[in-house]
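K.L.:
Dropping the structure in here first, questions after.
The values are calculated or read from the model by the stated rules, or taken from the named source; none is laboratory data. Being a predicted model, the structure only gives us computed values, none of them experimental. All Cβ positions, glycine included, derive from the backbone under ideal geometry; neighbour counts span all protein chains shown.
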Amino acid sequence: MKTIAGWLRAALDIVRLYKRAYLTINVVYYGLVAVSMVFVFYHPELQEALIDSVAQSFTEGPLAAVAEAYLGGHLLQAIVLTFLFNFFMGSLLVLFAPSMVIPFAGLLMGVVRAVLWGLVLAPTTPELQITMIPHSGTLLLEGQGYIIALLAVWVLGRAFTSPSSVGASSWKAGYAIGLKRAGPLLLLAAAVLAIAAVYEALTLIYLVPRLLS
């Protein structure tokens with residue numbers, strides 16, 4: 001418990017240290033989701049095409065197992081697979097790993113994700129309007145997990161490109177400090193995404209079907 005409390009305090013200390021960046025990422029991320037939702041109301045054909053594409057992606061590859069878990073009502077499997085996909089694929093591989101090679105690269109991927117979320121999840125139909133009542137919570141929780149991962153991207157990129165900002169004298173030293181600070185943030189992102197996975201699985205398996213019936 002002391003270890004968990006320790007890294008949680010470390011993560012929150014880093015969030016406070018980069019408070020301005022954290023708030024900016026929040027505003028930009030959720031703002032892009034909102035703007036994209038408004039945009040797609042005037043271009044419903046774009047949403048239809050994207051939803052078809054997303055549905056197709058859930059019929060093959062690793063996402064097929066996720067879809068099977070939800071359709072079969074396998075709660076624990078749905079939670080685990082959702083978390084694994086969102087954290088390891090969505091946060092580490094897509095957002096953070098590219099940023100370890102190209103500073104701030106994950107921020108661009110975060111922009112793309114926020115826009116796609118808005119385009120796909122905009123409540124343009126009666127079914128989507130009902131679904132988004134509980135699913136808005138998923139959007140906020142999962143979005144927060146990704147936002148914290150994006151803050152880790154910013155922290156690493158800032159430390160590398162401006163070593164003096166973290167008290168380092170070289171790019172290499174700045175990079176090392178950036179990685180050290182990003183670690184607790186990624187653990188915090190994992191914790192938030194775990195909570196989001198539980199909420200998403202519970203609502204999509206038990207609540208949404210009842211609301212739509």
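K.L.:
If a residue has to be modelled with pLDDT under 95, of a type in the set (A, V, I, L, M) and assigned to a helix (DSSP H, G or I) to count, how many in segment 1-16 make the cut?
P.N.:
6
K.L.:
Please state which one of SER169, SER164 is over 24 Å from the mean Cα position of the chain (by Cα), over 14 Å from ASN26 (Cβ atoms), hydroxyl-bearing (Ser, Thr, Tyr) and not in a helix (DSSP H, G or I).
P.N.:
Result of the check over SER169, SER164: SER169.
K.L.:
Out of the residues in segment 108-144 meeting the condition of being among the polar types (S, T, N, Q) and assigned to a helix (DSSP H, G or I), tell me which one is nearest to the chain's Cα centre (by Cα).
P.N.:
Result: GLN144.
K.L.:
So in segment 169-186, with the set limited to residues that are farther than 17 Å from TRP7 by Cβ and touching a Ser or Thr at 6+ places or on another chain (Cβ under 9 Å), which one is surrounded by the fewest Cβ atoms within 10 Å (Cβ to Cβ)?
P.N.:
TRP171
K.L.:
Does segment 4-22 hold any residues that are exposed (fewer than 13 other Cβ atoms within 10 Å of the Cβ) and hydrophobic (A, V, I, L, M, F, W, C), and which are they?
P.N.:
ILE4, ALA5
Conditions (1) surrounded by fewer than 17 Cβ atoms within 10 Å (Cβ to Cβ); (2) in contact with a Gly (Cβ under 8 Å, 6 or more places away or on another chain); (3) among the β-branched types (Val, Ile, Thr); (4) within 19 Å of ALA11 (Cα to Cα), marked per residue:
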site: ILE79; (1), (2), (3), (4): no, no, yes, no
site: PHE96; (1), (2), (3), (4): no, yes, no, yes
site: VAL101; (1), (2), (3), (4): yes, no, yes, no
site: MET109; (1), (2), (3), (4): no, no, no, no
site: VAL120; (1), (2), (3), (4): no, no, yes, no
site: GLN129; (1), (2), (3), (4): yes, no, no, no
site: MET132; (1), (2), (3), (4): no, no, no, no
site: VAL155; (1), (2), (3), (4): no, yes, yes, yes
site: ALA159; (1), (2), (3), (4): no, yes, no, yes
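K.L.:
Let me ask another. What are the residue pairs meeting all of these: first residue in segment 19-40, first residue within 13 Å of VAL111 (Cα to Cα), second residue not in a helix (DSSP H, G or I), Cβ atoms under 8 Å, and 6 or more apart or on different chains?
P.N.:
Pairs found: SER36/ALA122.
K.L.:
Next question, about the same structure. Identify, please: which residue in segment 130-161 is over 21 Å from GLY31 (Cβ atoms) and of a type in the set (S, T, N, Q) and is, among those, modelled with the highest pLDDT?
P.N.:
THR161
K.L.:
I'm checking my understanding of the structure. Among residues of segment 30-53 that are surrounded by 12 or more Cβ atoms within 10 Å (Cβ to Cβ) and among the β-branched types (Val, Ile, Thr), which one is nearest to ILE147 (Cα to Cα)?
P.N.:
VAL33
K.L.:
How many of the residues in segment 54-77 are buried (at least 16 other Cβ atoms within 10 Å of the Cβ) and either of a type in the set (S, T, N, Q) or in contact with a Cys (Cβ under 7 Å, 6 or more places away or on another chain) (or both)?
P.N.:
Number of matching residues: 1.
K.L.:
Could you tell me whether any residue of segment 55-66 is of a type in the set (D, E, K, R) and not in a helix (DSSP H, G or I)?
P.N.:
yes
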